[in-house]
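> After the structure tokens below, expect a handful of questions from me.
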Amino acid sequence: MRAAILEAYEEPLAIRDVDPPSPEPHGVVAEVDACGVCRSDWHGWAGNWDWFDYKPPLGHILGHEPSGTVVEVGPEVETIREGDEIAIPFNFACGRCHECRNGYENLCENHLGLGFQEGAPGAFAERVPIPNADINAVKLPDGVDSHDVAGLGCRFMTAYRGMAHQGDVGRGVYVVIYGLGGIGLSAVHIADALGANVIGVDIKQEKLEMAEDLGAHATVDAEAVEDPVSEVHDITDGGADVSLDALGIEETCRNAIESLGTRGRHVQIGLTTKEQAGYNSLPTDAIVMNEIEIRGSSGLQPSRYGEIFNLVSTGKLDPASVISEEITLPEVNDKLAAMTDYGTVGIPVVTEF
């Protein structure tokens, strides 16, 4: 099968033929229908994240946002069958640990990062193996197109958990989102569907325009104003109820927190690069004096994917609306290189392998 292989950090992925995978007894193999190209892929390609064991080894297949069709099934699998169309989470859960038993498969103590860690070859390939398939392969309901949900298992699901669960976003609240990449734009769409007044902040005009198309109540060009935090406070008449940093750099993290009003909730999804190595300084006094709550959001439990599918079936959510273009496997290299300067818009999706 054809696959995109990491042979050197920050160099083009090698597109070549490799042996196809076989399913583990508790796993399946899926033919990849589509796979999003995410900034997390860029982090892996750039050699980031060794500080929390997510730096992919050389020789690894990248890609962690697939949808697919099951083509092989291990003998111990009970609920998944050949021919099932599935969504696939980016963190493979074991189903046995304390977190999994308590309904937090996204925080599995024995998780494997798809496309990042040894033992979990990624989905920039014609086929991808999925362990513990009864947990990690989520059947798509009728009427949900597998191409439309590429990117669901990472950016859209993480943004959904960040808005609906961690941010507790509801009707009428003000939500400000810093960084309008795939995560940020997904969060705009989701927060709007949940009834919030959404403010998108970025420095790229095409991203601001896409945020408006996805339901943003207002947008702020952070380069065109003297202080984006003041702009947000003016728009919200005192500060947002919920903020999200979808980028992970120190400036956006700090600005997002400072854009909140009293008792606001900050959601952190953006992860750091090697320059920060896991740490950003925070406006500690503002957090204390305003009683700001800070929460992280990492993926979504596969057992709760049905919440999104219900919103899709009623027309309130459309994951495909965040997809910006369909590309071929060799074009992944152009998208990864463009992400160095934040040069992609929305979610590019590989549909031709």
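> Scan region 73-95 and give yes if some residue there is part of a strand (DSSP E or B) and more than 30 Å from GLN166 (Cα to Cα), otherwise no.
Going residue by residue through region 73-95, those that are part of a strand (DSSP E or B) are 73, 85-87, 91-92.
Keeping just the survivors that are more than 30 Å from GLN166 (Cα to Cα) gives 73.
Yes, region 73-95 contains at least one residue that is part of a strand (DSSP E or B) and more than 30 Å from GLN166 (Cα to Cα).
> Can you find, within region 39-53, the residue that is farthest from the chain's Cα centre (by Cα) among those that are at pLDDT 95 or above and in a loop (DSSP other than H, G, I, E, B)?
Taking the candidates together, the pick is GLY47.
> Let me ask something else about it. Which condition breaks for PHE156 when tested against (1) out of contact with any Ser or Thr (no Cβ under 6 Å at 6 or more places or on another chain); (2) under 29 Å from VAL312 (Cα atoms)?
It is condition (1) that PHE156 fails.
> Please count how many residues of region 81-97 are farther than 28 Å from ASP142 by Cα and either touching a residue at least 24 places away in the same chain (Cβ under 8 Å) or among the basic types (Lys, Arg) (or both).
Residues of region 81-97 farther than 28 Å from ASP142 by Cα: 96-97.
Okay, now just the ones that are also either touching a residue at least 24 places away in the same chain (Cβ under 8 Å) or among the basic types (Lys, Arg) (or both), so 96.
Here the count works out to 1.
Results for (1) assigned to a loop (DSSP other than H, G, I, E, B); (2) in contact (Cβ under 8 Å) with a residue 60 or more places away in the chain; (3) not assigned by TED's automatic domain parsing to the domain that holds GLU72, shown as yes or no for each residue.
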residue	(1), (2), (3)
GLU99	no, no, no
GLU109	yes, no, no
PHE116	yes, yes, no
PRO121	yes, yes, no
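> Among the candidates VAL128, VAL144, which residue alone is more than 12 Å from PRO302 (Cβ to Cβ) and modelled with pLDDT under 95? Explain how you work it out, then say what you get.
Working: VAL128 fails: modelled with pLDDT under 95.
Unique residue meeting the criteria: VAL144.
> Being surrounded by 16 or more Cβ atoms within 10 Å (Cβ to Cβ) and farther than 17 Å from GLY151 by Cα is the filter here; which residues of region 72-103 pass it? Break it down into steps so the answer makes sense when it comes.
Applying the first criterion (surrounded by 16 or more Cβ atoms within 10 Å (Cβ to Cβ)) to region 72-103 yields 72-74, 77, 80, 84-95, 97, 99-100.
The answer is GLU72, VAL73, GLY74, VAL77, ILE80, ASP84, ALA93, CYS94, GLY95, CYS97, GLU99, CYS100.
> So, in region 54-69, of the ones that are within 18 Å of the chain's Cα centre (by Cα) and closer than 22 Å to LEU300 by Cβ, which residue ends up surrounded by the fewest Cβ atoms within 10 Å (Cβ to Cβ)?
Ranking the candidates gives TYR54 first.
> Mind checking which residues of region 13-30 are farther than 20 Å from VAL138 by Cα and part of a strand (DSSP E or B)?
Within region 13-30, ALA14, ILE15, ARG16, ASP17 qualify.
> Out of GLY343, GLY306, I need the residue that is assigned by TED's automatic domain parsing to the domain that holds PRO141, at pLDDT below 95 and either among the small types (Gly, Ala, Ser) or not in a loop (DSSP other than H, G, I, E, B) (or both). Which one? So that I can check it myself, show each step before the final result.
On the way: GLY306 fails: assigned by TED's automatic domain parsing to the domain that holds PRO141.
Of GLY343, GLY306, the one residue that is assigned by TED's automatic domain parsing to the domain that holds PRO141, at pLDDT below 95 and either among the small types (Gly, Ala, Ser) or not in a loop (DSSP other than H, G, I, E, B) (or both) is GLY343.
> Would you confirm whether or not region 258-281 contains a residue that is closer than 21 Å to VAL188 by Cα, out of contact with any Ser or Thr (no Cβ under 9 Å at 6 or more places or on another chain) and not polar (S, T, N, Q)? Step through it out loud before you land on a result.
First pass over region 258-281, keeping only residues closer than 21 Å to VAL188 by Cα: 258-261, 264-271.
Keeping just the survivors that are out of contact with any Ser or Thr (no Cβ under 9 Å at 6 or more places or on another chain) gives none.
No, every residue in region 258-281 fails to be closer than 21 Å to VAL188 by Cα, out of contact with any Ser or Thr (no Cβ under 9 Å at 6 or more places or on another chain) and not polar (S, T, N, Q).
> Which of the residues that make up region 1-60 are closer than 30 Å to ILE80 by Cβ, of a type in the set (A, V, I, L, M) and in contact (Cβ under 8 Å) with a residue 60 or more places away in the chain?
MET1, ALA3, ALA4, LEU13, ILE15, VAL18, VAL28, VAL29, ALA30, VAL32, ALA34, VAL37
> In addition: Run down LEU282, LEU336 and say which single residue is in contact with an Asp or Glu (Cβ under 8 Å, 6 or more places away or on another chain), aliphatic (A, V, I, L, M) and not in a strand (DSSP E or B). Please lay out each step first, then the result.
Values: LEU282 fails: in contact with an Asp or Glu (Cβ under 8 Å, 6 or more places away or on another chain).
On inspection, the qualifying residue turns out to be LEU336.
The values are calculated or read from the model by the stated rules, or taken from the named source; none is laboratory data. The structure presented is a predicted model; accordingly, all values stated were derived computationally and were not measured. A quick note on method: Cβ atoms are made from the backbone with ideal geometry, for glycine too, and the neighbour counts reach across all protein chains shown.
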